[in-house]
1. For residues in segment A:254-291 being open to solvent by 30 Å² or more (accessible area, probe 1.4 Å) and within 14 Å of chain B (Cβ to nearest Cβ), which is nearest to B:Ile386 (Cα to Cα)?
2. Please determine, by comparing only the residues of segment A:292-316 that are of a type in the set (A, V, I, L, M, F, W, C) and more than 16 Å from the chain's Cα centre (by Cα), which one is nearest to the other protein chains (Cβ to nearest Cβ).
3. Pull up segment B:398-425, narrow it to residues that are surrounded by fewer than 20 Cβ atoms within 10 Å (Cβ to Cβ) and basic (Lys, Arg), then point me to the one that is nearest to B:Glu371 (Cα to Cα).
4. Residues B:Ile244, B:Ile288: which one is surrounded by 19 or more Cβ atoms within 10 Å (Cβ to Cβ), over 24 Å from B:His35 (Cβ atoms) and at pLDDT 90 or above?
5. Are any of the residues in segment A:30-44 modelled with pLDDT of 85 or more and among the polar types (S, T, N, Q)?
6. For a quick check of your reading of the model, give me the residue pairs whose first member lies in segment B:315-340 and is aliphatic (A, V, I, L, M), whose second is exposed (fewer than 14 other Cβ atoms within 10 Å of the Cβ) and in a helix (DSSP H, G or I), with beta-carbon atoms closer than 9 Å and at least 6 apart or on different chains.
7. Counting just the residues of segment B:444-473 that are among the charged types (D, E, K, R) and over 21 Å from B:Leu366 (Cβ atoms), which one comes out farthest from the other protein chains (Cβ to nearest Cβ)?
8. Mind checking which residues of segment B:361-382 are within 12 Å of chain A (Cβ to nearest Cβ) and loosely packed, with under 15 Cβ neighbours inside 10 Å?
Amino acid sequence: MSDNHNSAGGVPTTGHVWDDDLADYINQPPKWWMLGLTASALWVVIYWIMYPAIPIAINGTFFQGVGLPGSGKWTAIKELAEDQKVLDDVRGKWESKLKDMTPAAILADADLSEYVTRSGKVLFADNCAACHGQNGVGTEQKGAKFAVREQGLMAPRLNDDDWLYGGKVDTIYETVAGGRQGMMVAHKDSLTAQQIDDVAHYVKAMSEEGGKDKADADSAVAAGKKVFAESDCTACHGADAKGIQAMGSANLTDKIWRFDGSLEGIKQTITYGVNSGDANARVAIMPQWLKKDEQGHVVSKLDEVSIKKLAVYVYKFGGGQKEDAPAAVVAEAPAATPAAK
Amino acid sequence: MSEPVKKAPAEVGSVTGIYNEHAEWSTNLGDATIHAKRMPGRFRTLKYITESFWLIFFFGAYLRWNGKQALLLDVNNRQFHIFNLTILPQDIWMVSLLLLLLAMTLFAVTSVASRVFCGYFCFQTAWVDLFTWIEGKIEGNPNKRQKLDAAPWNADKIRRKVFKHLIWLLISLFTGISFTIWFVDAFAYWHDLVNLNLSLMEIATLIAFTLGTYLLAGFMREQACLWLCPYARIQAVMADSQTILPAYDVARGEPRGKLRNAGKTVAQQGDCIDCFQCVQVCPTGVDIRDGQQLGCITCGLCLDACDSVMDKIGRPRGLIRYASLDELEGRPVHKLYQHPRTWVYVSILLMALGGIIYGLNHLGTLTLRVEPERQPLFVRMSDGSIQNKYTFKVLNKTDNDLSVIVKTEGGIKGQQLIGSETPKLIAHGRASSFTIFVKAPEENIQKEITPIEFRVENADNPGMAAEYTTKFTAPAR
């Protein structure tokens, strides 16, 4: 290997020699390579001016940026705006329809209802999930961290079929747009502790299987039934205790509890009420999401179209109530369309 | 061309032999254009026949089937149409088997008869053959072509050269168009082309393939086989001493020498008369008498040339012939079925083929996926029943929009299906999604998780259906 096959052959060297025979040639890079390097250096300068690289973008001056040929005067903000416009154009064909449609009409249109579900998901996560939980599962408040009046759900679950104010999609829209305030008076002055205890037993029994029959066997339940019928409970909850949606009173016979459904929890609700002004009252406030000024301009965070999307989205959680007949058992499912009445 | 190589037999194949041979290696770097002679013969005819396979490439895309392009690789819409079949991205695994099948076919053929693909089917070979044929028509035979190349530029040379390149470019353009129309509707593409209304991608593809064809077939030619083609590099590992390939019978041919005495060879002289016809017809410019080598695409044209010379001098044909190394070196010649290498390739080939046939028979028309809602897993309804939410994704692989109805199998006694009252419209060629709820009375639920099978079936044709098994979740018990 000691033979030097590649003699310098007249190429000048740097003059340094290592290990007896290793020398550095002074070889120029190829011409095409040098041309490329020079062209790249020139391009840096041109690019630096064309995409204004210094923040002195003053209108009318050269440094405002000349932009790439054919692209007009390019800025990153303009590019963003153009990209967003593409998105808006894609959505435009649906968005333009939503404005004049009722939530029920949107729900009936398969294509539109699919579209609003997608954007409804984002709106719900941003605005609603804090209280109602992701996907409307509700936020359970339990344990020592919370006061007795705070035990139970922070806000109603939205994916069951129990609705205080009604589960039709247009009603859901009204609830979101206008807000709701639960109202139940405190009974700590009108009923004795014994009566409250009895009526709590009765209310709890009603939600259990065969609960109403327990009245015959269980003395507390029987006494509670009497209190329920004779005091003002039926005024709001109805004689059958199934609630009156027009006033938002709870259905006491189903399995869903808006607040803590334990005996202690029920007594707490009856004693201090809901939004009754009492310090120990339960709080149930749905904010008003649609606000307008005198000229009718929307001033709230959400506008009508967003709330329509939310209404359809919440409806489709699984508890939404159709305009008429309930779902049929599949075995004898008549393949009839849900007749619009 | 290179002088005949004289090898000392003891050195052939040994390490010293390789280094001694080194001086004899001549490397075709494409400095001089190879103007190969065209001679008629069996393999020349065979080559014309096999090369006409590429007419399918030019005209196959115009075939119509039920008013649509019969063969359309619609990459833009992510679906392949092959007559009645529509292959969607979900079936793409079959493409990997197809590639395996093609590779193994190539391997198996190579192990039996060496580079049959290169010599008879390869697009590079076929296009170069077409380009040189045109060159011969315009510029004359190889001698005239060499003279024309060397001649100074005059009106005649310019006319011939411009005409030749124009024809080459036209063929290249037609090649580019023919390639593109396999991916877009052929007639719509021609319409857009005539109206200069092609998309950027279509223009780019057209230009790339036009220039690529022009450069590769017009200028690169055998250099593409020598230095660009990956298959040329790997093919040697598939061939062995049992593989037949065009070979020069050294024992019969050597010592070679000029033909003398009116058709009678001098005693002690082999059959090779050193006429160089085999070299002159070679499209890659190799001398087959040097043995098997990288440049040889085994096209068999030298066999035709040698046979015609052997006929003329009254010697038997087959001085250059398809023969295995075993045969030439006097070892026992094995039968084709005694070639284990081929069996390995063929068995992999058959497995791939089996997979594709299975896949094509199980393409299905509907595909169903059901995702149970994860948050919440279940919801307790006001009557105490438990409701689960399912997102259905139904892929419709047919060419028509379908209405499907949803049914269940198993699950909980007394369960209700909510959301399936009306048939669901599933647009063709894509996946549609919808939501179904299942509500079951709690007293009938036995386990936390109960399997449930969903079935969607075409409302008009219940035989067209797809099933998916998932689970119904209830509170822990």
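The values are calculated or read from the model by the stated rules, or taken from the named source; none is laboratory data. All values derive from a computational prediction rather than experimental measurement. No Cβ is skipped: glycine too gets one built from the backbone with ideal geometry, and neighbour counts run over all protein chains shown. When the accessible area is computed, the model is the full protein with side chains, heavy atoms only, and any ligands, DNA or RNA have been set aside. Shrake-Rupley method; radii C 1.70, N 1.55, O 1.52, S 1.80 Å.
1. So the residue we want is A:Lys255.
2. A:Val298
3. B:Lys407
4. B:Ile244
5. Initial filter on segment A:30-44 (modelled with pLDDT of 85 or more): A:30-44.
Filter once more, keeping what is among the polar types (S, T, N, Q): A:38, A:40.
Yes, segment A:30-44 contains a residue that is modelled with pLDDT of 85 or more and among the polar types (S, T, N, Q).
6. Close Cβ pairs (under 9 Å, with a partner that is exposed (fewer than 14 other Cβ atoms within 10 Å of the Cβ) and in a helix (DSSP H, G or I)) amount to B:Leu328/B:Ala251.
7. Here the answer is B:Lys447.
8. Passing the criteria: B:Arg374, B:Gln375.
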